[in-house]
Amino acid sequence: MSLIENLNWRYATKKMNGEQVSQEKINYILEAARLAPTSSGLQPYKIIEISNAELKEKIQPIAFNQSQIVDSSHLLIFAAYDQYTKDRVDEVFTQQEVERGLPTGYADDYKNQLFGMLSTREQQQQFEHAARQAYIGFGLAIAAAAEQKVDATPMEGFNNQQLDELLGLEAYGLKSVTILALGYRDTENDWLVNMKKVRKDKKDFVINLN
């Protein structure tokens, strides 16, 4: 199936049936997110993969008791850097030097300029910049799930601070951004399953300045 066909197939699943998604498919979805583009290749976020039932039960009240949290096979928590540090930026460019066989310090001027620009922002602005990068990977994960015929529910409805505390994200210098619940639709009990997909018409969505 084409990407457009897969995107027409998917919807924000409201009720999942608890069936497990194979680890092979989960890994495929994670790999799509890992390969997503980010600003200057910084990849300023991580994905926490959760399949443990007890942990999902602890997350459910934090996510306003949404059933997909516990009925899903896996939860992917997208968590962004709380701020940019010199070490975090250096690490990216050092890896590029090693893996591409480039001379040490090949991009120091650009790297220092980049860090200088990012580090002068307020910490909340730095986090928001990192969170926007996380959403790029989030979108590709949703598309990859559709390609694998895995249902996905994007979720912003949760208490970020409480989730961060539960998962101990502060120790990693991370703050939660969004949750992607992965599983399979409960066709008998999901009120949205047979509803028509509704989106704005292209003429109302695209502004053509050509």
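Here are some notes:
- Per-region count, the range 170-184, residues surrounded by fewer than 20 Cβ atoms within 10 Å (Cβ to Cβ) and of a type outside the set (Ser, Thr, Tyr): 3
- Only residues that are assigned to a loop (DSSP other than H, G, I, E, B), touching a residue at least 12 places away in the same chain (Cβ under 8 Å) and of a type in the set (A, V, I, L, M) were counted across the range 178-210, and they come to 3.
- Flag if Gln123 is farther than 23 Å from Ala171 by Cβ and touching a residue at least 12 places away in the same chain (Cβ under 8 Å): no
- Hits in the range 37-69 (condition: aliphatic (A, V, I, L, M) and more than 19 Å from Tyr84 (Cα to Cα)): Ile48, Ile50, Ala53, Leu55, Ile59, Ile62, Ala63, Ile69
- Residue that is farthest from Phe127 (Cα to Cα), among those in the range 166-177 that are in contact with an Asp or Glu (Cβ under 6 Å, 6 or more places away or on another chain) and not in a loop (DSSP other than H, G, I, E, B): Ser176
- Identity of the residue in the range 138-162, within 17 Å of Arg10 (Cβ to Cβ) and among the small types (Gly, Ala, Ser), that ends up surrounded by the fewest Cβ atoms within 10 Å (Cβ to Cβ): Gly139
- Conditions (1) farther than 26 Å from Phe64 by Cα; (2) surrounded by 15 or more Cβ atoms within 10 Å (Cβ to Cβ); number of the one not met by Lys203: (2)
- Considering each residue of the range 135-142 in turn, none proves to be assigned to a loop (DSSP other than H, G, I, E, B) and out of contact with any strand residue (DSSP E or B) (no Cβ under 8 Å at 6 or more places or on another chain).
A short reminder: the numbers here are calculations on the coordinates, not readings from a lab. Since we're looking at a predicted model, the values are computed, not measured. No Cβ is skipped: glycine too gets one built from the backbone with ideal geometry, and neighbour counts run over all protein chains shown.
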